[in-house]
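The values are calculated or read from the model by the stated rules, or taken from the named source; none is laboratory data. Owing to the predicted nature of the structure, the values given are computational and were not obtained by experimental measurement. Glycine also receives a Cβ, built like all others from the backbone with ideal geometry; neighbour counts cover every protein chain displayed. Areas reflect the complete protein model, heavy atoms only, side chains present, ligands, DNA and RNA absent. Shrake-Rupley method; radii C 1.70, N 1.55, O 1.52, S 1.80 Å.
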Amino acid sequence: MVNINVDTSIPRQIIALIKSEAWPVGSHLPAQMLADRLRVSRQPVNSALALLHEKGVLMHERNRGYFVAQELLAPLDDIVAGLGLAESDIVTSVYFQIADDLLKHELPLACPEQLIRSRYGLTAAQANAVLARIVSEGWGERKFGYGWTFSTMLTTPDSLLQSYRLRLALEPAALLEPGFRLERKVLEQCRATERHLLAGGIDTATTDELHIRGVRFHESLVEASGNPFFIDTIKRVNRVRRLMSYRSMKQRDRYPEHCRQHLYILDLLAQEKNEDASNFMREHLVHTLDSMAKIENILQTGNLPSP
């Protein structure tokens with residue numbers, strides 16, 4: 001098991017991205033591209049790339065950078081465990097406990113680090129590992145002079161529903177942007193991911209893999225709009241809604257229909273029927289919003305599942 005002083009969240013996210021995008025051996029992984037996708041600075045990305053190179057996941061060419069060195073066919077949890085990148089049990093459990101406590105208003109949105117350490121019985125190293133993961137996933141930050149602050153978007157059970165309503169306004173419009181252009185390679189990667197899930201991947205994927213798959217599908221289409229305001233907004237929303245999404249993933253029976261709907265949207269875009277794709281995207285998000293509302297009790301109560 002990895003030393004808890006080491007933040008393994010970025011290497012794990014890079015591995016998850018390689019898997020979700022189905023990047024083949026030899027694919028170039030520019031640090032800036034990864035930093036943009038993960039919404040972090042280049043420094044932790046460069047450190048993560050070096051670590052994954054040491055572990056044989058990536059190969060490095062002088063003056064060219066890092067490239068995928070091997071196929072990643074096993075489940076994400078098995079890969080990170082085999083590489084010694086899995087978090088300690090206490091780091092994972094406290095991470096989700098903090099999220100639950102914020103949702104229940106049992107932890108203040110701004111608090112000193114000592115309160116976090118004492119409340120959850122953490123050592124300094126464990127607290128650093130937990131808070132590093134929270135920062136990397138975009139729902140907390142260190143405040144100069146006063147410990148840590150957490151996103152207000154986690155404090156209402158309606159947060160996930162609100163995020164879908166924002167997406168309902170944004171995503172169909174993105175498909176109608178004048179500069180919309182979905183690269184054929186991206187389209188085929190999205191198709192391959194949905195077909196893999198329909199072929200049994202829904203049952204075997206981890207919560208992280210399912211979440212990343214959905215995020216990447218929708219972000220890929222918004223990115224194709226070429227509108228930087230749309231792109232920045234959807235990425236911000238997706239990072240903050242991550243924890244709320246984990247609750248909804250307790251029920252996976254809706255996923256086959258979601259995959260089929262995603263494939264239909266891709267087919268329409270491949271035929272350059274963007275207006276039809278936009279209309280169906282609206283129907284797709286409305287359907288998802290209705291499903292979320294029906295399982296709202298999951299969003300309000302119970303423990304968050306581990307990723």
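Can you find a residue that is in a loop (DSSP other than H, G, I, E, B), among the polar types (S, T, N, Q) and at pLDDT 65 or above anywhere in region 279-296? Working first, answer last.
Residues of region 279-296 in a loop (DSSP other than H, G, I, E, B): 295.
From the residues that got through so far, the ones that are among the polar types (S, T, N, Q) too are none.
Checked region 279-296: no residue is in a loop (DSSP other than H, G, I, E, B), among the polar types (S, T, N, Q) and at pLDDT 65 or above.
Is it fair to say Q32 is open to solvent by 70 Å² or more (accessible area, probe 1.4 Å), at pLDDT 90 or above, of a type outside the set (A, V, I, L, M) and part of a helix (DSSP H, G or I)?
Numbers: open to solvent by 70 Å² or more (accessible area, probe 1.4 Å): yes; at pLDDT 90 or above: yes; of a type outside the set (A, V, I, L, M): yes; part of a helix (DSSP H, G or I): yes.
Yes; evaluated as a whole, the condition is true for this residue.
Looking at (1) open to solvent by 70 Å² or more (accessible area, probe 1.4 Å); (2) touching a residue at least 40 places away in the same chain (Cβ under 8 Å); (3) not aromatic (F, W, Y), which one does Q162 not meet, given that it meets all the others?
The number of the failed condition is (2).
For Y146, indicate whether it is more than 19 Å from the chain's Cα centre (by Cα), open to solvent by 10 Å² or more (accessible area, probe 1.4 Å) and among the aromatic types (F, W, Y). Steps first, please.
Numbers: more than 19 Å from the chain's Cα centre (by Cα): yes; open to solvent by 10 Å² or more (accessible area, probe 1.4 Å): yes; among the aromatic types (F, W, Y): yes.
When the stated conditions are applied, Y146 passes them.
Sort out which residues of region 192-226 are open to solvent by 30 Å² or more (accessible area, probe 1.4 Å) and under 22 Å from S278 (Cα atoms), and write them in order of number.
Listed by number, the residues that qualify are A192, R195, E223, G226.
Select, from N63, N46, the only residue that is open to solvent by 50 Å² or more (accessible area, probe 1.4 Å), at pLDDT 85 or above and not in a helix (DSSP H, G or I). Spell out how you get there, then give the answer.
Numbers: N46 fails: not in a helix (DSSP H, G or I).
Residue meeting the stated conditions: N63.
State all residues of region 88-121 that are within 19 Å of K143 (Cβ to Cβ) and not in a helix (DSSP H, G or I); if no residue qualifies, say none.
Answer for region 88-121, where residues must be within 19 Å of K143 (Cβ to Cβ) and not in a helix (DSSP H, G or I): L107, P108, L109, A110, C111, P112.
Which number in (1) in contact (Cβ under 8 Å) with a residue 24 or more places away in the chain; (2) within 23 Å of A50 (Cα to Cα); (3) buried (at least 18 other Cβ atoms within 10 Å of the Cβ) marks the one condition that L131 misses?
For L131, the failing item is (1).
Looking only at region 23-40, count every residue that is in contact with a Ser or Thr (Cβ under 7 Å, 6 or more places away or on another chain) and hydroxyl-bearing (S, T, Y) and tell me the total.
Step one: list which residues in region 23-40 are in contact with a Ser or Thr (Cβ under 7 Å, 6 or more places away or on another chain), which gives 35, 40.
Okay, now just the ones that are also hydroxyl-bearing (S, T, Y), so none.
So the count comes out to 0.
Of all residues being open to solvent by 40 Å² or more (accessible area, probe 1.4 Å) and over 20 Å from the mean Cα position of the chain (by Cα) in region 80-109, which is modelled with the lowest pLDDT? Just the residue, please. It would help to see each step written out before you state the result.
Looking only at region 80-109, we keep the residues that are open to solvent by 40 Å² or more (accessible area, probe 1.4 Å), and these are 81-82, 89-90, 93, 97, 104-106, 108-109.
Going one step further and asking which of them are over 20 Å from the mean Cα position of the chain (by Cα), we end up with 82, 89-90, 104-106, 108-109.
Details: G82: 81, D89: 64, I90: 77, K104: 77, H105: 82, E106: 88, P108: 90, L109: 89.
Once the filter is applied, the top-ranked residue is D89.
For region 259-278, which positions are open to solvent by 20 Å² or more (accessible area, probe 1.4 Å), more than 18 Å from L170 (Cβ to Cβ) and assigned to a helix (DSSP H, G or I)?
Those that are open to solvent by 20 Å² or more (accessible area, probe 1.4 Å), more than 18 Å from L170 (Cβ to Cβ) and assigned to a helix (DSSP H, G or I): R260, L263, Y264, D267, A270, D276.
Please go through region 169-190 and pick out each residue that is part of a helix (DSSP H, G or I), under 16 Å from H284 (Cβ atoms) and open to solvent by less than 30 Å² (accessible area, probe 1.4 Å).
To start, the set of residues in region 169-190 that are part of a helix (DSSP H, G or I) comprises 169-174, 184-190.
Applying the additional criterion that residues be under 16 Å from H284 (Cβ atoms) yields 169-174, 190.
The answer is L170, E171, P172, A174, C190.
Have a look at P112, P108, P75 and point out the one that is without any contact (Cβ under 8 Å) to a residue 12 or more places away in the chain and not polar (S, T, N, Q). Working first, answer last.
Working: P112 fails: without any contact (Cβ under 8 Å) to a residue 12 or more places away in the chain; P75 fails: without any contact (Cβ under 8 Å) to a residue 12 or more places away in the chain.
None of the others qualify; the one that does is P108.
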